[in-house]
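**Student:** Submitted below is the structure of interest, expressed as structure tokens.
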Amino acid sequence: ALYALLALVALILATDRLVVWRLNPLHSNPPKAVVLYSAAWCGLCAQIRTCLQASDAPFEERDVEKSMRASAEWWALRVRGVPATLVGSELVYGFDTKKLTSTLDRAGFSVNCWNSSST
């Protein structure tokens with residue numbers, strides 16, 4: 001029984017690592033591609049979306065509750081909440097506007113929707 005339990009745990013861990021390796025967009029996202037991982041109910045996601053749209057910054061929004069693929073990628077990124085914004089291979093967790101603005105700037109997108117007191 002102990003060996004069966006250990007085999008099950010090993011299988012679960014191997015599956016987890018395979019999903020992370022296979023679906024992690026950090027390894028495959030193009031250098032200037034912007035992906036917003038969001039949920040429909042998330043107000044902070046809406047603020048980022050509105051800012052990106054107002055700045056004409058091209059981005060793709062992936063709702064982690066409506067798309068199994070987006071949910072799997074989000075899980076592979078080890079993100080534990082929304083919003084999460086992937087710019088090339090850089091990931092910005094949450095609503096860190098200073099980091100998001102500087103990350104987008106390095107990718108060549110001029111985005112300045114938030115005042116300097118937002119974090």
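The values are calculated or read from the model by the stated rules, or taken from the named source; none is laboratory data. Only a predicted model underlies this, so the values are computations on that prediction, with no experimental measurement involved. When we count neighbours, we look across all protein chains shown, and the Cβ atoms used for this are built from the backbone with ideal geometry, even at glycine. Surface accessibility is based on the protein's heavy atoms, side chains included, excluding ligands, DNA and RNA. Shrake-Rupley method; radii C 1.70, N 1.55, O 1.52, S 1.80 Å.
**Student:** Rounded to whole Å and sorted largest first, list the principal axis extents of the Cα atoms in the chain.
**Tutor:** On the principal axes, the chain reaches 59, 29, 25 Å in Cα extent.
**Student:** Once neighbouring chains are kept in place and the probe is 1.4 Å, which whole percent of the accessible area of the chain is contributed by carbon and sulfur?
**Tutor:** 60
**Student:** Once the piece of chain linking ALA14 and ALA39 is laid out straight, how much longer is it, given 0.36 nm per residue of separation minus the C-alpha distance between them?
**Tutor:** Fully extending the segment from ALA14 to ALA39 adds 6.2 nm.
**Student:** Follow-up question, since we're still on this one. Can you work out the FRET efficiency for the pair TRP114 and SER89, with r the C-beta to C-beta distance and R0 = 25 Å, to the nearest 0.05?
**Tutor:** Efficiency, rounded to the nearest 0.05: 0.60.
**Student:** Now for a different question. Relative contact order, percent, of the chain when contacts are C-alpha pairs under 8 Å separated by at least 6 residues?
**Tutor:** 29 percent.
**Student:** Between SER71 and SER28, what is the FRET efficiency for a Förster distance of 25 Å, r being their Cβ-Cβ separation, to the nearest 0.05?
**Tutor:** Computed FRET efficiency for SER71 and SER28: 0.90.
**Student:** Provide the packing ranking of 99-109, 5-15, i.e. peptides ordered by the mean count of other C-beta atoms within 10 Å per residue, highest first.
**Tutor:** 99-109, 5-15
**Student:** Okay, next question. Quick check on the chain: helices-only [θ] at 222 nm, where DSSP H runs of length 4 and up contribute -39,500 (n - 2.57) each and the sum goes over total residues. Nearest 500, please.
**Tutor:** Estimated from H runs of four or more residues: -14000 deg cm²/dmol.
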